[in-house]
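Chemist: Would you mind keeping the following structure in view while I ask a few things?
The values are calculated or read from the model by the stated rules, or taken from the named source; none is laboratory data. Note that the structure is predicted; figures quoted are calculated from it, not measured. Counting neighbours? That spans all protein chains shown, and the Cβs are built from the backbone with ideal geometry, glycine included.
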Amino acid sequence: MDTSRTYAHGWKNPAHSELVRLVDQIAGLKTEEKEVVKTQLKELFRARVSADYDPSWQDAGRERKECFRGAYAVFAILGVKR
């Protein structure tokens, strides 16, 4: 990814909607792994929006656990050590 590019609000991060498309540019991942990463990114974004704007989400312990599982799955596929 071009690190010199400036995104919305002056940050050096892509928009959430662009992340899924950028996954296809990651070299060395199998198609199945890319699909898992893209699915998890969509779910994590959905959960983040829910956590920000849906008051009932604060009682959603199961959903929070699923978010951690999803994040760990992405980390594992990308080779991130925790």
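Chemist: Please go through the range 1-49 and pick out each residue that is among the polar types (S, T, N, Q) and either in contact with an Asp or Glu (Cβ under 7 Å, 6 or more places away or on another chain) or at pLDDT 85 or above (or both).
Modeler: Result: GLN25, THR31, THR39, GLN40.
Chemist: In the range 39-82, how many are part of a helix (DSSP H, G or I), more than 25 Å from GLY28 (Cβ to Cβ) and not hydrophobic (A, V, I, L, M, F, W, C)?
Modeler: Number satisfying all stated conditions: 15.
Chemist: Applying the selection to the range 17-33, what residues are under 16 Å from LEU44 (Cα atoms) and of a type in the set (Gly, Ala, Ser)?
Modeler: Residue satisfying the conditions is SER17 alone.
Chemist: When you go through LYS42, LYS81 one by one, which is the residue that is under 16 Å from the mean Cα position of the chain (by Cα) and charged (D, E, K, R)?
Modeler: LYS42
Chemist: Hey, another quick one. Quick one: is VAL49 among the β-branched types (Val, Ile, Thr) and more than 23 Å from VAL80 (Cα to Cα)?
Modeler: The answer is yes for VAL49.
Chemist: Mind checking which residues of the range 27-50 are without any contact (Cβ under 8 Å) to a residue 12 or more places away in the chain, closer than 22 Å to GLY61 by Cα and of a type in the set (A, V, I, L, M, F, W, C)?
Modeler: Scanning the range 27-50 gives a single hit, VAL49.
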